[in-house]
Every structure is written in structure tokens, then in C-alpha cells.
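Q: Here it is, the structure in full.
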Amino acid sequence: MARGGGAAAGVPRDDDPPRDVDAPLHDAPLGVALLGSTGSIGTQALDVLRSAGPERFRVVALAAGRDAATLGAQLHEVRPLVAALADPAAAAALDVPPGVTLDRDPDAMERFATRDDVDLVVVATGGIVSLRPVIAALRAGKVVATANKETLVAGGHLVMPLAAARAAERRAQGVTDPLGDPLGWVRPIDSEHSALWQCLVGERHADIQRLILTASGGPFRTWDAARLAAVTPRDALAHPTWDMGAKITIDSATLLNKGLEVIEACWLYDVAIDSIDVLVHPQSLVHSMVEFVDGSLKAQLGLPDMRIPIQYALTWPTRIAGPAPRLDLLTQDALRFEALDDARFPAVDLARTAFAAGPRATAALICADEVAVARFLDGTLSFPAITDLVAAAVTRFGDGAPPDVPALTELDREVRAWAATADVPESRTWA
Ligand SMILES: NC(=O)c1ccc[n+]([C@@H]2O[C@H](COP(=O)([O-])OP(=O)(O)OC[C@H]3O[C@@H](n4cnc5c(N)ncnc54)[C@H](OP(=O)(O)O)[C@@H]3O)[C@@H](O)[C@H]2O)c1
């Protein structure tokens with residue numbers, strides 16, 4: 001079933017010495033660049049870094065988009081060496097404390113990601129703005145922990161070969177450590193992919209039967225087509241189990257988010273797309289599962305709190321005590337699972353179609369979705385039309401060779417310009 005490569009994670013276990021869970025992980029603290037520090041993932045990553053303590057991690061760089069108030073407060077608390085705010089007007093208003101250098105260059109994130117004193121780049125931005133920094137970081141031998149889906153959905157064909165090459169170099173040097181695995185270099189933060197990773201540790205890639213991604217089903221799991229047509233932004237922003245940024249919350253409501261995750265899982269775990277299933281699990285306690293060839297099923301459970309997968313990516317292969325609350329199974333109802341209704345929520349099928357068509361199609365999908373979600377939020381697109389518009393973009397822009405970074409940037413520009421004013425197609429011809 002694998003497309004080659006065998007990327008399932010494995011860690012040495014037999015000779016692991018007994019470990020003090022509060023002991024430092026490394027001789028010196030790891031230098032961290034946090035890209036997108038002001039958002040939902042970024043602020044939770046800072047919680048994790050704060051809880052792990054300065055003996056484990058030193059925050060060297062913080063970067064964000066336009067939220068000068070939040071970044072300013074973070075700079076005063078964390079005191080990194082460098083910071084950046086992409087929006088020049090917001091940067092002009094930023095309160096920068098002494099000792100912190102504000103980098104006003106548009107390529108600041110790339111520079112942060114490749115600094116000598118940075119070991120780990122945590123990617124918490126939305127959009128494809130982090131693709132160049134991620135590629136630069138991997139080329140410079142840095143570890144990348146990414147929540148950002150766009151990096152893999154639009155650029156998996158560029159990013160994962162770099163991670164695989166890094167891992168191969170390590171093995172060729174005769175070093176047997178977790179960095180001999182591509183997942184040592186590109187570490188998923190998304191809860192589903194973290195769950196799969198945790199289930200796969202110690203397993204052989206050849207023993208994977210299928211990956212099962214769980215989905216909460218979003219706020220409209222039980223709504224019929226007529227009600228879905230009338231969904232408002234306020235309805236869609238009220239996610240039943242996860243507290244997230246606006247874009248991913250809308251993607252969770254359309255289930256396009258689950259489609260993006262299926263694509264991410266293909267890249268991260270090197271499995272065929274038809275070996276990845278989606279199961280609706282409204283309680284969001286089982287974060288995903290792996291079925292093995294012998295019929296065994298492994299699942300990872302926890303309360304829906306992103307600080308658990310963020311911390312796992314930062315401290316892997318070690319676990320440490322963290323800030324997230326614990327799951328008490330005795331206070332929970334029986335675990336429930338349902339099949340996904342592809343007719344009401346066609347976005348997962350659309351993502352599968354796009355992945356089969358190739359990297360241009362998945363890039364078009366994710367670029368169009370950003371515009372479609374923005375149009376829905378400002379009232380110029382209905383809820384079902386989000387998926388329809390994205391499907392039309394996949395059809396219109398999806399053909400062609402896998403894009404390199406300049407071609408992706410150009411494609412992003414073209415798709416956005418088109419999607420900003422495109423009429424909603426009347427029928428779903430892509431299914
Ligand atoms: N939230 C979750 O629970 C969750 C779970 C799994 C995966 N993810 C994924 O993680 C990523 C981030 O999600 P989120 O919910 O944290 O989003 P969010 O709350 O919207 O935060 C996005 C962050 O990116 C920054 N940013 C935007 N444009 C930028 C630019 N040009 N340069 C530098 N920084 C920029 C924003 O800065 P400003 O705020 O200053 O503009 C903000 O810090 C997305 O890909 C999402 O799909 C999120």
C-alpha cells in the first residue's frame with residue numbers, strides 16, 4: 001500500500017534508560033523560532049514553551065502578521081532576540097522592548113528559520129507564507145514542527161523530499177537516532193497527525209493496513225441540505241469541541257479541513273490516499289487511529305487541547321509533564337462513531353480528487369479555500385458555495401506539472417484573483 005520510502009516513525013526503546021520526566025531534554029536549551037506567534041496555535045505554543053521552561057527551550061524569534069498589540073505583549077514577556085510583523089503599518093506601531101531587534105525585511109521569517117542559534121522552527125501561521133521559511137529551515141538542517149496545513153497540502157512535494165534527504169544523510173553517517181526518520185525533521189502538530197504518529201511509534205510501515213482520521217463532524221453534522229444552505233458565519237464559527245482560529249473553524253464546518261488532513265497524512269506517512277478513511281467522532285476524544293495488518297487498532301485519546309500535540313512535536317521523542325488538562329474516561333459518555341455523509345459534506349471527496357490530480361490541484365484547492373472562506377465570512381458566498389467555488393478552482397487551475405516555489409506563488413496569486421470575484425458554479429461537476 002505504501003508509495004515507497006516507508007516513513008512510519010520508530011524510536012529505539014529496548015535500551016532506553018529510566019527517565020526523570022522533569023529533567024531537561026538536551027544539554028543546552030533548544031533555540032526556537034515561532035512563526036505565527038499571535039494566533040490560536042502560536043499562543044498555545046507559547047504556553048507549552050513557558051511550561052517546559054527556559055532550561056529546555058529558548059525562544060529566539062517571534063513572527064506574526066498584523067496583531068501588534070499581542071506581539072508587543074509577547075515581546076515584553078518572552079524577550080526573544082528578533083521579531084517581525086509582516087504588515088508594515090502594524091510593525092510601525094509595535095512596542096519593541098530593549099534587547100529585541102525588529103526585522104522589517106519581507107524575508108524576515110526565512111532569516112529567523114535559518115539562524116545559527118535556532119534549532120527548531122515552529123510553524124503556526126496560516127496560508128502558504130511559511131513555505132519558503134520551511135524549505136529554507138530544512139535546507140539549513142533545522143527541525144520543523146508544523147501546525148500549518150498549507151505547507152504540506154500545497155508544498156508536500158517540495159517539503160517531504162527534503163525531510164527524507166535529511167533523514168537519509170543521518171543514516172548514511174551511521175547515526176541511529178530519531179532524526180533518521182523524516183518525521184524527526186517535519187513534525188506534525190495537527191492533532192490527528194500527531195495521533196497517527198503516536199500510534200505508529202515502534203511499528204513497521206509495512207504493517208499499516210489503514211489510517212483512520214477522526215472528525216468531530218463540525219457544528220452541522222446533523223443538518224439537512226436545506227438548513228446547510230442557510231448557515232451564517234456566526235453558526236459556522238461556533239465549533240462544538242475545538243477552540244481554533246476562524247479559518248480552520250469554517251474549514252471544520254465544511255469538512256474541507258478533514259480533506260486537507262487526508263492530503264497531509266498521505267505526505268507525512270507515505271500511504272496511498274485510498275488507505276486513509278475518515279470516521280465522524282463527535283466527542284473529539286479519539287484523535288485518530290491506525291489499523292494494522294493483523295487487525296489490531298491503535299488509537300490516541302486525550303481532551304481536545306492542542307497543547308498536547310504541540311508539546312509532543314516539540315519534545316519528541318521524549319514526553320514531559322505539560323499544561324493541558326487530563327482526560328478522565330469515567331466522566332465521559334460511551335465513544336460514538338459515525339460514517340461521513342459525503343453527499344452533505346462533499347469536501348473530503350473533493351480533496352481526494354485534487355490529490356489524485358497532483359500538487360497543482362491541491363495547491364489550487366487550498367488557495368481558493370482561503371478566499372472562499374473570507375467571502376463566506378464577509379457575506380458574499382453561501383456556506384455550500386465555499387466547497388463549490390473550491391471545486392471549480394481545482395478544475396480550472398489543477399492541470400500541469402508540480403509547481404516549484406515561484407510557480408506556487410504565481411498560482412496562489414492567480415487563484416486568489418480569480419476566486420475573489422468568481423461566480424459560484426451551479427453544479428458540482430467534479431465529484
Ligand atoms: N487552531 C487550531 O487549533 C489548529 C489545529 C490544527 C492545525 N491548525 C493549522 O495551524 C495554522 C494556524 O492556525 P490558527 O488557527 O492558529 O490560525 P490563526 O489564529 O488565524 O493565526 C495565524 C497566525 O499567522 C500569523 N500570520 C498571518 N499572516 C502572516 C504573515 N504574512 N507573516 C507572518 N505571520 C502571519 C497571524 O498573525 P496576526 O494574528 O498577527 O495577523 C497569526 O499569528 C493553520 O494552517 C491551521 O489550519 C490550527
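Q: How many percent of the accessible area of segment 205-421 is carbon or sulfur, using a 1.4 Å probe? Display every interim value, and only then the final one.
A: Working: 4570 of 8530 Å².
Carbon and sulfur atoms account for 54 percent of the accessible area of segment 205-421.
Q: Residue 145's amide H: which non-local residues (gap 5+, or another chain) put their own amide H closer than 5 Å, with H modeled 1.01 Å from N in plane and none for Pro or chain starts?
A: 121, 122, 123, 187
Q: Okay, moving on. Taking only protein heavy atoms and a 1.4 Å probe, what accessible area per residue, in Å², does the chain have with all protein chains in place?
A: Ligands and nucleic acids excluded, the result is 41 Å² per residue.
Q: Let me ask you something else. Nothing charged except the Cβ atoms of Lys and Arg (+1) and of Asp and Glu (-1): what's the magnitude of the dipole of the chain about its Cα centre? Round to the nearest 20 debye.
A: Roughly 260 debye, rounded to the nearest 20.
Q: Among 252, 330, 61, whose Cα sits farthest toward the positive end of the charge dipole of the chain (+1 at Cβ of Lys/Arg, -1 at Cβ of Asp/Glu, about the Cα centre)?
A: Highest projection toward the positive end goes to 61.
Q: Per-residue ellipticity at 222 nm for the chain, helices alone: DSSP H runs ≥ 4 residues times -39500 (n - 2.57), over residue total, nearest 500 deg cm²/dmol?
A: So the calculated ellipticity at 222 nm is -13000 deg cm²/dmol.
Q: Once the Cα gyration tensor of segment 184-336 is diagonalised, what are the square roots of 5 times its eigenvalues, in whole Å and ordered largest first, as equivalent ellipsoid semi-axes?
A: In descending order, the three semi-axes are 26, 19, 15 Å.
Q: Let me ask another. Can you give the convex hull volume per residue for the Cα atoms of segment 272-393, as a whole number of Å³? Walk me through the numbers before you get to the answer.
A: Numbers: hull volume 23.0 nm³, N = 122.
Cα convex hull per residue, to the nearest whole number: 189 Å³.
Q: Taking +1 at the Cβ of each Lys and Arg and -1 at the Cβ of each Asp and Glu, which of 366, 263, 383 sits farthest along the dipole of segment 205-421 towards its positive end, judged by Cα position relative to the Cα centre?
A: The residue sitting most towards the positive pole is 383.
Q: While we're here: For segment 30-190, with only Lys/Arg (+1) and Asp/Glu (-1) charged at the beta-carbon, what is the dipole magnitude about the Cα centre, in debye rounded to 20?
A: In total the dipole reaches around 280 debye.
Q: Computing the accessible area with a 1.4 Å probe over protein heavy atoms, can you report the carbon and sulfur percentage for segment 30-190?
A: On the way: 3130 of 5890 Å².
Ligands and nucleic acids excluded, carbon and sulfur reach 53 percent.
Q: While we're on this one: Mean Kyte-Doolittle of at least -0.5 plus a Cα span of 20 Å or more along the axis: flag which DSSP H helices in the chain meet both, please.
A: Both cut-offs are met by 150-172, 359-377, 383-397, 405-421.
Q: Considering only 311, 278, 299, whose Cα is most displaced toward the positive end of the charge dipole of segment 246-311, charges sitting on Cβ of Lys, Arg (+1) and Asp, Glu (-1)?
A: It is 311.
Q: Right, next: In the chain, what percentage of the DSSP-assigned beta bridges are antiparallel, given to the nearest 5?
A: Details: 13 of 41 bridges.
So the antiparallel bridges amount to about 30 percent of the total.
Q: Would you mind getting me the FRET efficiency between residue 246 and residue 117? Use the beta-carbon distance for r and R0 = 41 Å, nearest 0.05.
A: Plugging the Cβ-Cβ distance into 1/(1 + (r/R0)^6) gives 0.75.
Q: Using unit Cβ charges (K, R positive; D, E negative) and no other charged atoms, how large, in debye to the nearest 20, is the dipole of segment 205-421 about its Cα centre?
A: Computed about the Cα centre, the dipole is about 420 debye.
Q: Could you work out how much longer the chain between residue 96 and residue 279 gets when fully extended? Use 0.36 nm per residue separation minus the Cα distance between them, nm to one decimal.
A: 61.2 nm
Q: Now, a different point. Taking GluC sites (Glu not before Pro) as candidate sites, keep only those in a DSSP loop with at most 16 other Cβ atoms within 10 Å, then name the longest stretch of the chain containing none of them. Can you show the working numbers first?
A: Details: sites that count: 55, 203, 426.
Result for the longest clean stretch: 204-425.
Q: Beyond 40 Å, what share of the Cα-Cα pairs of the chain remains, rounded to the nearest whole percent?
A: 13
Q: Here's another thing I want to ask about it. Starting from the coordinates of the alpha-carbon atoms of segment 32-107, obtain the Kirkwood hydrodynamic radius over all distinct pairs and give the value in Å to one decimal.
A: The answer is 12.2 Å.
The values are calculated or read from the model by the stated rules, or taken from the named source; none is laboratory data. This is a predicted model, so every value here is computed, not measured. Quick reminder, even Gly has a Cβ in these numbers, built from the backbone with ideal geometry, and neighbours come from all protein chains shown. Keep in mind that these areas ignore ligands, DNA and RNA; they rest on the heavy atoms of the full protein, side chains included. Shrake-Rupley method; radii C 1.70, N 1.55, O 1.52, S 1.80 Å.
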